[in-house]
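Note sheet for the following structure.
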Amino acid sequence: MAVSPYVNRAELWLANASFRPSFRLPEHFHPSIFLKWFPGHMAKGFRKMQLKLPKCDCVVEIQIPFTGRNPKFQNNLSSRPHVLVLNKMDLIGMAKQREILRQLESEGTRAVLTDSKSQYHYSIKRVVPAILEAVKDAEYEGTYIRSNPDKPYNILTCGLPNTGKSSLINALRRKYLRKGKATRVGAVPGITRSMQEKIKVCDEPVTYMIDTPGVVAPYIPTAEIGMKLALIGCFKDHIVGEELIADYLLYVESFGLMNPSDNVNFVMRQWAKKLNATISGGVPDYRRAHVDFLKRFRTGMLGHILLDRQLLREKQKNFLPTSFGQ
Ligand SMILES: Nc1nc2c(ncn2[C@@H]2O[C@H](COP(=O)(O)OP(=O)(O)OP(=O)(O)O)[C@@H](O)[C@H]2O)c(=O)[nH]1
Ligand SMILES: [Mg+2]
C-alpha cells in the first residue's frame, strides 16, 4: 500500500531526517515483558512432547527463518531424526528462499520450505519425503532404528507459536488424504493449547503427526530477537504493543512507501488517512493503522520481506571457504 503523498515539505523533511542505525526499545519497555509470555500451557506442552518422543520416529520443527529457533528443541528432542520446515515461504522472495536452503544445507541441516496456507501448494509434497529420508539416513548411520519397519510413522511437530504447525498438518491431510481440517488454526498465537492426539496425514506410507502447542524459549537473548518474534506473531500483540511492533517493522523495512520514513507516527498518520480511519474529531485512528499495517505484513501484502537478512548475511560470511578473499 503506497502511503499518501499529501504531506507538507517541512513534515516530510522532519520525517526523513534520520533513519535509525539500530533499534532501541523505549525506556518504559522492559525486555522481561517478552518473558512473561511463557504461559503454563507451553511449559506443560514441552514436557509432554519430551514424554511422547520415544514413541516417535522423527521430529518436524516448523519455523519461520531463522530467528527464534529454540535451542531447547535442538538439544532435548535430538534423539530422533530431525527435519526443519521453514513455513510461510510465500512471505519471502524466491532468491532468498534459495539462499536460505543453500545456507542450511552447508550447515548440515535438512530443511524444506513450505506454504501451508495456499490450498494444495506444491511445496507440501516435499515434507513426507524429507521425513522418510531423514529416518532412512538415521537408520543407515545407526543413530536411530525403527523397532518395526512395518509400523506407521509417528511424527512429532514442534515450533514457536503461530508458525503454522496446525496448518501444515491440515495441508498434508488435504494433499494426501483429500480430507478436511483436523486441527484448529488461527491468526493469533496459542490456538493449539494442548498436545493433540495423533492425526493421520498420509496413507503411503501410513504416517501420523502429533500437533503440539507453540513454545517460545523462556530466554530471549536480545531485544531485537524479541521484536522479531513479536512481529511474526509469536506473542499476543498487546503484550508488546501494536505501536512498538509497527515501529520495529518500519525500522526493518521502509517497503515501497512513497515517502520512505522511519518515523512511525508520521507513516501511521498517513496510513490511517488512507484507510479512512478516524476517531472523534477527525483524529487519525492510530490503533487501526497499526493493526492493519501488521496484518498486511503477516499476510504478505507488503511484499516479500526476510526479517533475518542480516543474520543470513552473517551466516554466509562465516561459511566462506578460508581461501576466500585472500
Ligand atoms: N502467509 C502464510 N500464513 C500461514 C502459512 N501457514 C499458516 N499461516 C497462517 O499463520 C497463522 C497461524 O497458523 P497455525 O497453523 O494456527 O499456527 P500454529 O503454529 O499451529 O499456532 P499455535 O497453535 O498457536 O502455536 C494462521 O493465520 C495461518 O493461516 C503460510 O505458509 N503462509
Ligand atoms: Mg496450532
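All of the numbers you see were taken from the coordinates with simple rules; none came from a lab. This structure is a prediction, so every number in the text was calculated from the model and none was measured. So basically every Cβ, Gly included, is an ideal-geometry build from the backbone, and we count neighbours across all protein chains shown.
Taking every alpha-carbon pair under 8 Å whose residues sit at least 6 apart, the chain reaches a relative contact order of 23 percent.
Quick one: of the DSSP bridges fully inside the stretch 38-211, what percent are antiparallel, nearest 5?
Numbers: 4 of 20 bridges.
Taking every DSSP beta bridge with both residues in the stretch 38-211, the antiparallel ones total about 20 percent.
When the dipole is taken about the Cα centre of the chain, and only Lys, Arg (+1) and Asp, Glu (-1) are charged at their Cβ, what size is it in debye, to the nearest 20? If you can, show how the numbers build up before the last one.
Numbers: 48 positive and 29 negative charges, 179 e Å.
The dipole of the chain has a size of about 860 debye.
In a DSSP loop and with at most 10 other Cβ atoms within 10 Å, the trypsin sites (Lys or Arg not before Pro) in the stretch 165-199 are Arg178.
Put simply, when 22-29, 241-248 are sorted by average Cβ atoms within 10 angstrom per residue, most first, you get 241-248, 22-29. The charge dipole of the stretch 38-211, taken about the Cα centre with unit charges on the Cβ atoms of Lys, Arg (+1) and Asp, Glu (-1), comes to about 740 debye, rounded to the nearest 20.
Stretching Ser32 away from Arg184 to a fully extended chain increases their span by 51.7 nm, per 0.36 nm per residue minus the current alpha-carbon distance. Across the chain, the convex hull enclosing all Cα atoms gives 164 Å³ per residue.
Which chymotrypsin sites (Phe, Trp or Tyr not before Pro) in the stretch 133-206 sit in a loop by DSSP (not H, G, I, E or B) and have at most 16 other Cβ atoms within 10 Å of their own Cβ? Mind dumping the intermediate values first?
On the way: sites: Tyr140, Tyr144, Tyr153, Tyr176; in loops: Tyr144.
Taking the stretch 133-206 and a limit of 16 other Cβ atoms within 10 Å, the loop chymotrypsin sites (Phe, Trp or Tyr not before Pro) found are Tyr144.
Between 0 and 90 degrees, the angle of helix 127-141 with respect to the longest Cα principal axis of the chain falls at about 50 degrees. For the pair Glu197 and Lys55, the difference between a 0.36 nm per residue extended length and the Cα-Cα distance amounts to 49.8 nm.
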